[in-house]
Amino acid sequence: MRIIIIGAGAVGSYLAERLSAEGQDVVVIEDDERSAHHLQSRIDALVLVGNGASTTLLEDAGAARADLLIAVSNNDGANVLACHAGKEIGAKTTIARIEEPELREGADLLGVDVIIDPSATAAEELAEIVGFGGPSEMVQFAEGKLVMVGGVVGPNAPITMGPLSLLRLRSADWGWVVAALVRDGQTIVAHGDTEVHSGDHALVMTTEDKVERATKLIGLTRRHIDRTIIMGGTRLAVLATARLLDSGLDVVLVDEDAERAAKLADKYPKALVIVGDPTDPEVLASLDLGPKDVALGLTGWDEVNVLSCLVAKASGAGMVISRFNRIPYVRLLAGVGIDAAVSSRLMAASAILRFVRQGKVEQVATFSDTDAEAIEIEVSEGSEAVGKTLLELALPIGVIIGGISRQETTFVPDGSTVVRAGDHIIFFALPRDIERSAALFTK
């Protein structure tokens, strides 16, 4: 697939690295020469320096034969213009990151096929995690009827009491499946003989009515959150504030910029806004943090987010969640007391990868500490999978089927489940097995 990426910032560079590593034909356009050269030294793809909306540059990048043009620079207007120019030249599908609501209206008339807003998506995930008060991930599939719950397995968790096949035999109404474990930085796709260890990062698929059971299975304790401390005044912090206030939680905003804090106080009179350094123990100690408080590190700096979360945890907060840009940081977070993490990079990747994967892909979920993906795909009439049981499909060893949505029924399948045309299958796969697995469900 020919893919053109406009902008080599946090989102664009991550997508370029991930897609080029998969063997996709990637071209990146970046107007900052230093950023372009830095990215070129890290990836096996062509990086051009210049304006991504330039017709001449887009022609040089091969827009006429591009399957996908992704405009994710920090300038909404430039992203729209790049999509418009690319579409005029011949790009098949265009995706633009647009944060300004005014620019979204009519964007389709200017050649934008898909609009993404990673910060808005991250704010929604934060509200889900805070609302449930325990898991580090909660990813919804099949319109919310299936949920992938993630978390670090606790000591003496039920899921550690023997191989997974034995655990499922003990449960008459099990309704869950362990999709994968991340252990010491390595991804293990779970099977019947897999044994789960305390400290593993487990990803469990279940139905929407059994989410609480899944969290208990992992050994997570559900926290009842009353108050949220949001540290930082970024757009993500603002969006999260709105979502959490709407959910009925008390919100405290901490930002060291007095002018920005004043604007936040005017915009959200129901929130308590404090001018102060979120990494200062005295500032957080003044809030008398307790087990029903959750602290969110949402500044634009990874180091500040991690440190402010650690200070909040040491000051008594029951749960802390950090925003991050640099994905290698995530493997260190759980070990130092960070309960969960969110990333605009991963949100953007999840939104965009569904257009890269073959077949009728409805959704793709990516994760912070593994390059595996969870994919929701509709089974095509006449595909190889139709009429076969999951056992007969002979799926690659690195693949597991987590759930099926079929008309009005949603369930976690077993090996005897027969695949039907029109089923929405959610499967978890390592990168090497994604294309082969998707092909089974695609005509």
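A few remarks follow.
- Quarter of the Cα convex hull surface for segment 2-116, i.e. its orientation-mean projected area (nm²): 6.0
- GluC sites (Glu not before Pro) within segment 364-422, DSSP loop, no more than 11 other Cβ atoms inside 10 Å: GLU381, GLU408
- The shape of the chain comes out oblate: with a ≥ b ≥ c from the C-alpha gyration tensor, a/c is at least 1.5 while a/b does not beat b/c.
- With 5 Å bins beginning at zero, the pair-distance distribution over Cα atoms of segment 360-408 amounts to 4, 15, 23, 29, 18, 8, 3, 0 %.
- Placing R0 at 51 angstrom, the Cβ-Cβ distance between ALA262 and ALA439 gives a FRET efficiency of 0.35 after rounding to 0.05.
- Partners for LYS145 among lysines (Cα-Cα distance below 30 Å; same-chain residues under 8 apart left out): LYS210, LYS216, LYS292, LYS360, LYS388, LYS443
- Take every Cα pair under 8 Å whose residues are at least 6 apart in sequence, average their separation, divide by the length of the chain, and the relative contact order is 11 percent.
- Ascending count of other beta-carbon atoms within 10 Å, so fewest first, for HIS197, HIS424, HIS84: HIS197, HIS84, HIS424
- Rg(Cα) / (2.2 N^0.38 Å) computed for segment 329-428, rounded to two decimals: 1.25
- Computed FRET value (nearest 0.05) for THR56 with VAL418, which takes r as the C-beta separation and R₀ as 56 Å: 0.55
- Scalar couplings 3J(HN,Hα) for segment 15-29, obtained by applying the Karplus form with A = 6.51, B = -1.76, C = 1.60 to θ = phi - 60°, are 4, 4, 5, 5, 6, 5, 5, 7, x, 6, 7, 10, 10, 10, 10 Hz; x denotes Gly and Pro.
- Computed from phi, the 3J(HN,Hα) profile of segment 187-195 under the Karplus parametrisation 6.51, -1.76, 1.60 (θ = phi - 60°) reads 8, 10, 6, 6, 9, x, 8, 6, 10 Hz, with x in place of Gly and Pro.
- Sorted into 5 angstrom bins from 0, the C-alpha pair distances of segment 224-317 split as 3, 16, 29, 27, 19, 6, 0 percent.
Read the figures in this text as sums done on the coordinates, not as results from a lab. No experiment lies behind these values; they were computed from the predicted model shown. FYI the Cβ positions are ideal-geometry reconstructions off the backbone, even for glycines, and counts take in every protein chain you see.
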